[in-house]
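Before any comments, here is the structure.
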Amino acid sequence: MQSIDKIYINGEFVTPHGSELFDLFNPASEAVIGQVRLADEDDALRAIAAAKAAFPAWSQTSREARIAVLERMHQAVVARESDLLEAIITEYGAPSSRARWMAAWPAQTIRYAIDALKAFIFEESVGRAKVVMTPVGVAGLITPWNSDAGFICNKLATAMAAGCTAVIKPSEMSAWQTQIITEALHAAQIPAGVFNIVTGRGDVVGDVINHHPDIAKISFTGSTAVGKHIVESGARTLKRVTLELGGKSPTVILDDADPKTAVHMALEAGFMNSGQACIAGTRILVPASRKAEFEQEMVAAIAQFPAGDPRDAQTVIGPMVSRKQWQRVQDYIRLGQQEGARLLVGGVGRVEGAEKGWSVQPTIFTDVNNQMRIAREEIFGPVLVVILYADDAEALAIANDTDYGLSALVLSGSSQRGEAMALQIESGRVLVNTLEHEHLAPFGGFKQSGLGREMGKWGLQAYLEPKTLLVG
Ligand code: NAD
């Protein structure tokens, strides 16, 4: 049993003023695996004060000094990779193949922040002026449960690279993963107050961060609804915001695509991270003229995406993180049936043979139109919809007919044709015939998928303000 009863403020593990105990679960068995004592408003205020006090010194450090600290962070997080792996499988339910990537990713994000810092141009001359990129101040970093350690490390390393200090409010559901990362960061001997971690509820600790005048910037990853609330609350003190929010990403299969390859990639994109991914390609657009062929391929390919026990090496789709999330996915599957969509594979209930745990059947609906709620709303589980189109113009119109714009995938026999379509899709990222990621490139959303960008020089810029200096 994990008993997590400390938060991290001003370089020390301290007992929270908050006294609420929150249960941690194993999503595969529904068993309680631990408890976390949550921080409250007082704790948030202490963390903000510590970050504020640390800002003057940290913001003045040289690039070399920051790189040295970030290198220590990187080593310390690498050293905890196997502990993280265990926590990610047990507390989040990621299947072991995915969990291995998730356990390595946090350290990689620190490496990427170091790369961005090394290359960043902090000063340039414009006419008679010098423009100096200056850290904004204390950053509030608020993260979700679907890649807890990675989000914490990416946001923190980037904020620190820019010269900001931080108050981190991770998801309360990932307290074990957060604990491991906090221990690693402590071991890295980062100056006191530069980072503070207060695990607590969003409407308690989060709301203090949203409103506090000493928080200059918020970087938030989570739902669109909470993102909008953060913008509204932060408006009073004109906080800078970076928001990484939800998605309903299209996968456009053009009529020259090889069905087998295209379907496999489309399902991989849709079912990634057990469907609990903001970038998941959950709307699959298929040429109407080849409907039967693509449907058959999907039915055949589903065997390559087994769902169930995350510790089974064969499992590709693990359980949902919580009972609430499981229920939400079940409700959407029922809704799809009520809306008149046809189940091609999957359906309500757990995977076959499972009596406990929050496993869901990978589900694909067909005969879906883009106005149905299952085609418009983010489900955040392994539930995909197939939508037919008549020609490329209609495919593009459907792809863009969404409130979101985080990611898209175009699959075509011709990368030129795919790229021509990609350029017209309203999305922060469009992949053509690949599922690869480029860490130097900006990541973020159009429309209601977010504001601003993370990663690379764009991510770093988001923690800086240009200061114009003219010396007579
Ligand atoms: P959520 O919005 O409920 O919670 C995210 C974080 O915000 C948590 O730490 C939560 O405690 C906190 N929070 C809740 N209410 C708050 C408030 N009033 N003020 C401040 N903070 C508050 O989202 P979730 O359920 O944890 O995560 C799933 C969502 O995250 C999905 O919509 C998904 O698309 C999105 N997401 C986006 C990205 C991206 O990069 N775009 C990545 C992962 C997840």
Check: Taking only protein heavy atoms and a 1.4 Å probe, what accessible area per residue, in Å², does the range 97-212 have with all protein chains in place?
Finding: 29
Note to self: Can you divide the C-alpha Rg of the range 1-102 by 2.2 N^0.38 Å and report the result to two decimal places?
What the structure shows: 1.36
Item checked: Average Cα contact separation per residue, the chain, under 8 Å, 6 or more apart, as relative contact order % -> 18
Next item on the list: Please work out how much length the chain gains when fully extended from Leu440 to Glu12, using 0.36 nm per residue of separation minus the C-alpha to C-alpha distance, in nm with one decimal.
Entry: 150.7 nm
Check: Over the chain, what percent of the accessible surface lies on carbon and sulfur atoms, probe 1.4 Å?
Finding: 53
Notebook entry, point to check: Where both partners of a DSSP beta bridge lie in the chain, what percent of those bridges are antiparallel, to the nearest 5?
Noted result: 40
Notebook entry, point to check: Stretch Thr261-Ala31 to full length: gain in nm at 0.36 nm per residue minus the Cα-Cα span?
Noted result: 78.9 nm
Check: Helix 63-78 versus the longest principal axis of the chain: what angle, 0 to 90°, nearest 10, using Cα atoms?
Finding: 50
Notebook entry, point to check: For the range 208-338, what number results from the quotient of the Cα radius of gyration and 2.2 N^0.38 Å?
Noted result: 1.38
Checklist line | For the range 241-256, Karplus couplings with θ = phi - 60° (6.51, -1.76, 1.60), whole Hz, Gly/Pro x | finding: 9, 10, 10, 10, 10, x, x, 9, 6, x, 10, 9, 9, 6, 6, 9
Next item on the list: Return the sequence-ordered ³J(HN,Hα) values of the range 81-92 in whole Hz as given by the Karplus equation 6.51 cos²θ - 1.76 cosθ + 1.60 applied to θ = phi - 60°, using x for Gly and Pro.
Entry: 4, 6, 5, 4, 4, 4, 5, 5, 5, 6, 8, 9
Notebook entry, point to check: How far, in degrees from 0 to 90, does helix 96-119 lean away from the longest principal axis of the Cα atoms of the chain, to the nearest 10?
Noted result: 50
Item checked: Taking the range 333-472 and dividing mean pair separation by its residue count, relative contact order in percent (alpha carbons under 8 Å, at least six apart) -> 14
Next item on the list: Rank-order 190-197, 351-358, 371-378 by packing density, defined as the average count of other C-beta atoms within 10 Å over each peptide's residues, highest first.
Entry: 190-197, 371-378, 351-358
Check: Tilt of helix 41-59 relative to the longest C-alpha principal axis of the chain, in degrees (0 to 90, nearest 10)?
Finding: 70
Next item on the list: Provide the per residue accessible area, probe 1.4 Å, for the range 1-43, rounded to a whole number of square angstrom.
Entry: 48
Checklist line | Cα-projected label distance for Asp23 with Glu394, points at 7 Å along beta-carbon direction, nm | finding: 5.0
Item checked: J(HN,Hα) series, the range 344-352, from Karplus relation 6.51 cos²θ - 1.76 cosθ + 1.60, nearest Hz, glycine and proline x -> 8, 9, x, x, 6, x, 6, 5, 3
Next item on the list: Collect residues whose amide H, placed 1.01 Å from N in the peptide plane, falls under 5 Å from the amide H of Leu384; neighbours closer than 5 in sequence don't count.
Entry: Thr363, Ile364, Phe365
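The values are calculated or read from the model by the stated rules, or taken from the named source; none is laboratory data. Since the model is a prediction, treat every value here as computed from it, not as a measurement. No Cβ is skipped: glycine too gets one built from the backbone with ideal geometry, and neighbour counts run over all protein chains shown. Accessible surface areas use protein heavy atoms only, side chains included; no ligands, DNA or RNA. Shrake-Rupley method; radii C 1.70, N 1.55, O 1.52, S 1.80 Å.
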